[in-house]
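Peer 1: Take a look at this one; I'll ask things after.
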Amino acid sequence: MKPHTASLINAVTLIAMSLWGYFSSETPSMTALIPTIIGVILLALNKGVKADNKVIAHIAVVLTLVILLGLLQAFTGAMGRADNAAMARVGIMILTTVVAMVFFVKSFIDARKNRAA
């Protein structure tokens, strides 16, 4: 899988899962929309990532890392509340975010190897 594809899947997942969590909550919090905002930004950056724009790819990686750290905190909160639905939603977002990070890092390593060769 290419990094732009993994990032696109991650962006769509972040948007869908966080909106689902926000609208299904009896007491929605604006912080539940943070993954939606990051997902929309990642969608906007996806064309640049696909075009191998290094600056845009690095911005996308930083945003992906930031949302991963935030999702880990959200997951521990959901575990503390014993909210299985929230754990499932956040777990799915964590999974797609980790996959996107792996493909970004792999592409950066491959690019460095290609430059050295």
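The values are calculated or read from the model by the stated rules, or taken from the named source; none is laboratory data. Treat the numbers as computed from the prediction; the structure is a model and nothing was measured. Using ideal geometry, Cβ is built from the backbone for each residue, glycine included, and neighbour counts are taken over all protein chains shown. Areas reflect the complete protein model, heavy atoms only, side chains present, ligands, DNA and RNA absent. Shrake-Rupley method; radii C 1.70, N 1.55, O 1.52, S 1.80 Å.
Peer 1: Please report, in debye to the nearest 20, how large the charge dipole of the stretch 1-105 is about its Cα centre when each Lys and Arg carries +1 at its beta carbon and each Asp and Glu carries -1 there.
Peer 2: Taking the Cα centre of the stretch 1-105 as origin, the dipole is about 280 debye.
Peer 1: Distance in nm between label sites at residue 66 and residue 27, each 7 Å beyond Cα in the beta-carbon direction?
Peer 2: Once both label points are built, they end up 2.8 nm from each other.
Peer 1: Using a probe of 1.4 angstrom, how much of the accessible area of the stretch 25-79 is carbon and sulfur, in percent?
Peer 2: The nonpolar share, carbon plus sulfur, comes to 72 percent.
Peer 1: Only one of the values [x] 16.7, 49; [y] 15.1, 57; [z] 15.2, 48 was calculated from this structure for Rg and Dmax of the Cα atoms in Å; name its label.
Peer 2: Checked against the structure: label [y].
Peer 1: Among 56, 31, 75, whose Cα lies farthest out toward the positive end of the dipole of the chain, if unit charges sit on the beta carbon of Lys, Arg (+1) and Asp, Glu (-1)?
Peer 2: Farthest towards the positive pole: 56.
Peer 1: Taking the Cα atoms of the stretch 28-90, what is the range of coordinates along each of the three principal axes, in descending order and whole Å?
Peer 2: Principal-axis extents of the Cα atoms in the stretch 28-90, largest first: 42, 18, 16 Å.
Peer 1: Find out how many positive minus negative residues lie around residue 26, taking Lys and Arg as positive, Asp and Glu as negative, among other residues whose Cβ is under 14 Å from that of residue 26.
Peer 2: 0
Peer 1: Moving on. Would you mind getting the accessible area per residue of the stretch 26-117, heavy atoms of the protein chains only, 1.4 Å probe, in Å²?
Peer 2: 63 Å²
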